[in-house]
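Undergrad: Here's a structure for you.
Rule-based calculations on the coordinates, nothing more; no lab input. The shown structure was predicted, so the numbers you read here are calculated from the model rather than taken from an experiment. For neighbour counting, all protein chains shown are included, and Cβ atoms are generated from backbone atoms with ideal geometry for every residue, glycine included.
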Amino acid sequence: MVVQTQFDIRSMKWSDPVQVRTKLGMRTLRKTSPTEDFWVAWRAEKEKLKAMGVSCSRSKHNGLWEICHWEELDSNQKDEMERQAEASRASDSDIDVPCPEGLDYLPYQLAGISYALRVFGDLK
C-alpha cells in the first residue's frame with residue numbers, strides 16, 4: 001500500500017471498519033480526514049491510490065473532505081454473512097418462548113425470534 005511518493009496509506013488514523021452494501025457487493029469501509037501528505041500523494045499517484053480502493057470526496061454530513069478506503073470482504077466474512085442470511089430465512093425453530101395462555105407462536109415467528117436472539121441477544 002505504499003505509493004512512489006513514500007506516502008503510506010496504512011499510517012493514517014482510520015475509523016473502525018464497517019460493512020457496506022455496494023453495487024459491487026458487500027465491502028469493508030474505513031474513513032479518515034486527509035492530511036497534507038495525503039493531498040501530495042493524491043495529486044501524484046491518484047490512479048494508484050484508486051486501484052488500492054481509496055477514494056476522496058466531501059462528506060454529505062458536514063461538507064468536509066474525507067478519505068474512504070474500500071476493501072473486499074475476506075472469505076471468512078463472506079461465509080459468516082451467508083450463514084446469517086440463511087438463518088434469517090428459516091421458517092421454523094425449536095426454541096421455547098413463553099406466550100400468553102391459549103396462544104401459540106407460528107413457526108416463522110419462532111424462527112424470527114430465534115434469529116433476533118442470535119444476532120442481537122445472548123443466544124448463540
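Undergrad: Note down the nm distance, to one decimal, between modelled labels 7 Å out along Cα→Cβ at ASN62 and at ASP16.
TA: Reported label-point gap for ASN62 and ASP16 is 1.8 nm.
Undergrad: Net charge within 14 Å of PRO107 by Cβ-Cβ distance, Lys/Arg positive one each and Asp/Glu negative one each, not counting PRO107 itself?
TA: Values: positive: ARG89; negative: ASP92, ASP94, ASP96, ASP104.
So the environment of PRO107 carries a net charge of -3.
Undergrad: Measure out, as a whole number of angstrom, how far apart the alpha-carbon centroids of segment 16-45 and segment 97-112 sit.
TA: One Cα centre to the other: 45 Å.
Undergrad: Continuing with this model, one more query. Can you give the charge dipole size of segment 75-120 about its Cα centre, rounded to the nearest 20 debye, using +1 on the beta carbon of Lys and Arg and -1 on the beta carbon of Asp and Glu?
TA: 240 debye
Undergrad: Summing -39500 (n - 2.57) over the DSSP H runs of n ≥ 4 in the chain and dividing by its residue number, what mean residue ellipticity at 222 nm do you reach, to the nearest 500 deg cm²/dmol?
TA: Details: 3 runs with 44 residues, N = 124.
Counting only the DSSP helices, I get -11500 deg cm²/dmol.
Undergrad: For CYS99, CYS56, CYS68, which order do you get if you count the other beta carbons within 10 Å of each Cβ and list the fewest first? Don't skip to the end; give the middle numbers.
TA: On the way: CYS99 11, CYS56 15, CYS68 18.
Arranged by neighbour count, lowest to highest, CYS99, CYS56, CYS68 become CYS99, CYS56, CYS68.
Undergrad: Tell me, LEU103, LEU110 in order of fewest to most beta-carbon neighbours within 10 Å? Mind showing how you got there, number by number?
TA: Working: LEU103 6, LEU110 20.
Ordered by Cβ neighbours within 10 Å, fewest first: LEU103, LEU110.
Undergrad: Rounded to the nearest 20 Debye, what is the dipole magnitude of the chain about its Cα centre when Lys and Arg each give +1 and Asp and Glu each give -1 at the C-beta?
TA: On the way: 18 positive and 20 negative charges, 194 e Å.
Using only the charged Cβ atoms, the result is roughly 920 debye.
Undergrad: Given (i) 45, 15, 11; (ii) 24, 16, 11; (iii) 34, 15, 14, which label gives semi-axes √(5λ) of the Cα gyration tensor in Å as computed from the coordinates?
TA: (i)
Undergrad: Here's a follow-up. Which of the peptides 58-65, 26-33 is most tightly packed, and how do the rest follow, going by the mean number of other Cβ atoms within 10 Å of each residue? Show your work: numbers first, answer last.
TA: Working: 58-65: 9.1, 26-33: 15.5.
Packing order, densest peptide first, comes out as 26-33, 58-65.
Undergrad: Rg to Rh for segment 70-124: what is it, with Cα atoms only and Rh by Kirkwood? Can you show the working numbers first?
TA: Working: Rg = 14.5 Å, Rh = 12.8 Å.
On the Cα set of segment 70-124, Rg over Rh gives 1.14.
Undergrad: Return ASP74, ASP16 ranked ascending by Cβ neighbour count within 10 Å, so the fewest neighbours appear first. Walk me through the numbers on the way to the answer.
TA: On the way: ASP74 10, ASP16 7.
By the 10 Å Cβ count, ascending: ASP16, ASP74.
Undergrad: Shifting gears a bit: Can you tell me, using C-alpha contacts under 8 Å and at least 6 residues apart, the relative contact order of the chain as a whole percent?
TA: Details: 128 pairs, mean separation 21.9, N = 124.
Averaging sequence separation for qualifying contacts and normalising by length gives 18 percent for the chain.
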